[in-house]
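Working notes for the structure below.
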Amino acid sequence: MASVSSQPQFRYTQPPSKVLHLRNLPWECTEEELIELGKPFGKVVNTKCNVGANRNQAFIEFADLNQAIAMISYYASSSEPAQVRGKTVYLQYSNRQEIVNNKTAADVAGNVLLVTIEGDDARLVSIDVLHLVFSAFGFVHKITTFEKTAGFQALVQFSDAETATSAKTALDSRSIPRYLLPDHVGPCTLRITYSGHTDLSVKFQSHRSRDYTNPYLPVAPSAIDGSGQISVGMDGKKLEPESNVLLASIENMQYAVTLDVLHMVFSAFGPVQKIAMFDKNGGVQALIQYPDVQTAVVAKEALEGHCIYDGGFCKLHISYSRHTDLSIKINNDRSRDYTIPNIPIVNSQPSILGQQPVQMIAPAVPQYNGAQFAPTDQAVMPQPSAGWGPTVPAVPQSVPLQMHNQPYMPPGTLPQPSQMGPGMMQSGAPPATLPPYHRGHVQ
DNA sequence: AGCACA
């Protein structure tokens, strides 16, 4: 057997081709960037980006062979290498004569994303958590989840390709923040491509699919219990009926948990309308009312079992209340209606920036817009700024979630950044208060 | 830094 024809291609002896092979591209290079790169030498008729295992290779096809030769020749003798986003790109003739099968659905920017959730516990990621994660970039119309050979996957539908692209860019290859997942769930990494779909068909609201544009859509029979509420979790386990009101009991309460502390903790997930605290069974419990069930679900999932303070102090146990609207008769240090302005607060601290707990917490929450910590003599708190409510539009410029490939903290605690007192819990570092994710950093 | 596809 002669080893003639199967020589490695890494030669300077590739025969010319209209198609150039590019390597060492920056991660997730776009075809616009490829066209820019080739344009000075001729007409780029086709491109293919994100090629190869690392998705850092690409092809450019010129209309004419001489144009490809011009580009190769130029960079062969240039002192400046070809660059994309400041990164040197290596060029050579491709061993093929044309780009075939250029665009797959995954390459064409569309309004629907195909999300693969990787990780041993991927199946335990609820549709509500996915909704929360993707809502940071814009209104999520629909989500469907399903199991394929690729694993646990979801289709997430946005209004338009631009919004979908911003979500894809920020979230692809990142992990769902730990604080959004139950304690026992391992890391879950998101792999995102575009889907060919433009409009998902969601027949029922269920644990597998949701249509957020249509609140009147019937709930899947399989997910209904006697009270008519969704009662089946992702894993098929029965759940207590969801409610917009949460019942939180506080275990091991070594430190005083005030109304304001609760308000701050629970406001991380959406506007808190009302809180009522009371003693029960020798412990303290509180009812926390959100405007909608979605927000309560997310808050419950994020906070359940977490401690407000380091060291296992003030551990929260959260369940759904049967209440839907609390009746707050008086605003005092045990109960408050944040929806009614100008009701005098009886027997209360004048400001939530009061003495102890808030100051303790503040250092753990960098870069918040400050609204929540501003002294307020009224009982009314400003609406949280970021789009954590299911229907609140997101702030496209900053991504409130911190997505890390490494889960960033042991559950239930924060590192101790504060100079005094016990640290605030991790879950209490509200998503909306985290430093914005900075785009454009070099990978 | 080394040739792809749903």
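Couple of notes before you dig in:
- Close amide-amide hydrogen proximity is noted between A:Tyr212 and A:Lys142, A:Ile143, each under 5 Å apart and 5 or more residues distant or on a separate chain (H modeled in the peptide plane; Pro and chain starts excluded).
- Straightening the chain between A:Glu32 and A:Met253 buys 73.8 nm, computed as 0.36 nm per residue apart minus the Cα-Cα spacing.
- Accessible surface of the stretch A:112-211 [probe 1.4 Å, protein heavy atoms]: carbon and sulfur percent: 53
- Set of lysines with alpha-carbon distance to A:Lys39 below 21 Å, sequence-local pairs under 8 removed: A:Lys18, A:Lys48, A:Lys87, A:Lys103
- A:Ser78 versus A:Thr213: modelled label distance in nm, points set 7 Å from Cα along the beta carbon direction: 4.4
- Cross-link check: pairs A:Lys168/A:Lys315; A:Lys43/A:Lys168; A:Lys203/A:Lys274 evaluated at a Cα-Cα cut-off of 32 Å; pairs beyond the cut-off: A:Lys168/A:Lys315; A:Lys203/A:Lys274.
- Additional length obtainable on full extension of the chain from A:Lys87 to A:Phe278, 0.36 nm per residue less Cα span: 62.7 nm
- Each peptide in A:55-63, A:159-167 gets a packing score, the mean of other Cβ atoms within 10 Å over its residues, and the list from highest to lowest is A:55-63, A:159-167.
- Relative packing of A:277-290, A:255-268, which averages over residues the other C-beta atoms within 10 Å, highest first: A:255-268, A:277-290
- Approximate spin-label separation A:Lys148-A:Thr169, in nm, with each point projected 7 Å along Cα-to-Cβ: 2.5
- A compact globular protein would have a Cα radius of gyration near 2.2 N^0.38 Å; the ratio found for the stretch A:19-93 is 0.98.
The values are calculated or read from the model by the stated rules, or taken from the named source; none is laboratory data. Not measured: the values here are computed from a predicted model. Heads up, the Cβs are rebuilt from the backbone with ideal geometry, glycines too, and the neighbour counts pull from every protein chain shown. For the accessible areas, the whole protein counts, side chains as well, though only heavy atoms, and no ligand, DNA or RNA atoms are used. Shrake-Rupley method; radii C 1.70, N 1.55, O 1.52, S 1.80 Å.
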